[in-house]
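Engineer: Got a structure for you, questions after.
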Amino acid sequence: IEERFPGVPIDDQPVLDWLNQLEAKTGGLVYIADDEPSDWTRVCIRQADGVLLVGEPSGSAKLNPSEQLALSVHSPSSVRLALVHDKRAATVAGTSGWLNERPGIRQHHHVALDDIEDVERLVRFIAGEARGFVAAGGGSLGCAHLGVHKAFIEAGASFDYLGGTSSGAAMMAGFARGM
């Protein structure tokens, strides 16, 4: 931007117009803001259609100034939180502290960097292409979901959301736990 617009403030209208043209031409842009609310961070937050807050679970869950700015500009429903872990763990802890500091955010994700499927799943959520499997109820017929799920998996399907009603919910809870 500095090369294309030397001496022009980053939030000047010609710069913003160019960013809008780039977004229209490419189908979307990903802005990466600074930790502190710089002029660039303000542009990123204003230009964004949605915001992904990224945190390290072992770090402080307190809102930083850039997050405060993002949440003052965007409705919580357009904000997601990704807690990034170095390695996959059987359980995670401390999520509620992060969510309590950011009430009303749309979704939160735990992403293990050692699992490419986690990263791919997050990308699908952000792109609005997440895949789900929702199972119906039906008492003892809920067991039929075992065969349906197995057939999907054997065909190469994977799911980002699992949900269900009654016995279908019980089956999906088992699948979510890796059973």
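The values are calculated or read from the model by the stated rules, or taken from the named source; none is laboratory data. Since the structure is predicted, the reported quantities are computational estimates derived from the model, not experimental observations. We place every Cβ from the backbone using ideal geometry, glycine too, and count neighbours over all the protein chains shown. Note: accessible area is taken over every heavy atom of the protein model, side chains too, but ligands, DNA and RNA are not part of it. Shrake-Rupley method; radii C 1.70, N 1.55, O 1.52, S 1.80 Å.
Engineer: Within the stretch 153-179, work out how many residues are of a type in the set (Asp, Glu), closer than 28 Å to GLN107 by Cα and assigned to a helix (DSSP H, G or I).
Structural biologist: From the stretch 153-179, those of a type in the set (Asp, Glu) are 154, 160; that's our starting set.
Next cut, closer than 28 Å to GLN107 by Cα only: 160.
Those left that are additionally assigned to a helix (DSSP H, G or I): none.
Qualifying residue count for the region: 0.
Engineer: While we're looking at this one, here's another question. If the requirement is being without any contact (Cβ under 8 Å) to a residue 60 or more places away in the chain, farther than 30 Å from GLU56 by Cα and open to solvent by less than 90 Å² (accessible area, probe 1.4 Å), which of these qualifies: ALA155, ALA176, ALA112, ALA130? Give the steps one after another, and end with the answer.
Structural biologist: Working: ALA176 fails: farther than 30 Å from GLU56 by Cα; ALA112 fails: farther than 30 Å from GLU56 by Cα; ALA130 fails: farther than 30 Å from GLU56 by Cα.
Of ALA155, ALA176, ALA112, ALA130, the one residue that is without any contact (Cβ under 8 Å) to a residue 60 or more places away in the chain, farther than 30 Å from GLU56 by Cα and open to solvent by less than 90 Å² (accessible area, probe 1.4 Å) is ALA155.
Engineer: Could you list all residues from the stretch 62-86 that are surrounded by 16 or more Cβ atoms within 10 Å (Cβ to Cβ) and either touching a strand residue (DSSP E or B) at 6+ places or on another chain (Cβ under 7 Å) or modelled with pLDDT of 95 or more (or both)?
Structural biologist: Those that are surrounded by 16 or more Cβ atoms within 10 Å (Cβ to Cβ) and either touching a strand residue (DSSP E or B) at 6+ places or on another chain (Cβ under 7 Å) or modelled with pLDDT of 95 or more (or both): GLU67, ALA70, LEU71, HIS74, VAL79, ARG80, LEU81, ALA82, LEU83, VAL84, HIS85.
Engineer: Right, here's the next one. Please specify each residue of the stretch 133-152 satisfying the condition of being closer than 21 Å to HIS109 by Cβ and either open to solvent by 70 Å² or more (accessible area, probe 1.4 Å) or in a helix (DSSP H, G or I) (or both). Give the steps one after another, and end with the answer.
Structural biologist: Of all residues in the stretch 133-152, those closer than 21 Å to HIS109 by Cβ come to 133-134.
Result: VAL134, single match.
Engineer: Let me ask another. Suppose the filter is under 26 Å from LEU69 (Cα atoms) and at pLDDT below 90; does ALA90 pass it? It would help to see each step written out before you state the result.
Structural biologist: Details: under 26 Å from LEU69 (Cα atoms): no; at pLDDT below 90: yes.
For ALA90, the condition - under 26 Å from LEU69 (Cα atoms) and at pLDDT below 90 - is not met.
Engineer: Follow-up question, since we're still on this one. How many of the residues making up the stretch 115-127 are among the acidic types (Asp, Glu) and surrounded by 14 or more Cβ atoms within 10 Å (Cβ to Cβ)?
Structural biologist: Total satisfying the criteria: 1.
Engineer: With the requirement that a residue be more than 20 Å from ASP35 (Cα to Cα) and either without any contact (Cβ under 8 Å) to a residue 12 or more places away in the chain or open to solvent by 30 Å² or more (accessible area, probe 1.4 Å) (or both), what does the stretch 87-99 give you?
Structural biologist: Of the stretch 87-99, the ones more than 20 Å from ASP35 (Cα to Cα) are 87-96.
Those that are more than 20 Å from ASP35 (Cα to Cα) and either without any contact (Cβ under 8 Å) to a residue 12 or more places away in the chain or open to solvent by 30 Å² or more (accessible area, probe 1.4 Å) (or both): LYS87, ARG88, ALA89, ALA90, THR91, VAL92, ALA93, GLY94, SER96.
Engineer: Need pairs with beta-carbon distance below 9 Å; first residue hydroxyl-bearing (Ser, Thr, Tyr) and within the stretch 45-74, second open to solvent by 90 Å² or more (accessible area, probe 1.4 Å) and outside any strand (DSSP E or B); sequence gap 6+ or separate chains.
Structural biologist: Close Cβ pairs (under 9 Å, with a partner that is open to solvent by 90 Å² or more (accessible area, probe 1.4 Å) and outside any strand (DSSP E or B)) amount to SER66/ASP35; SER66/GLU36.
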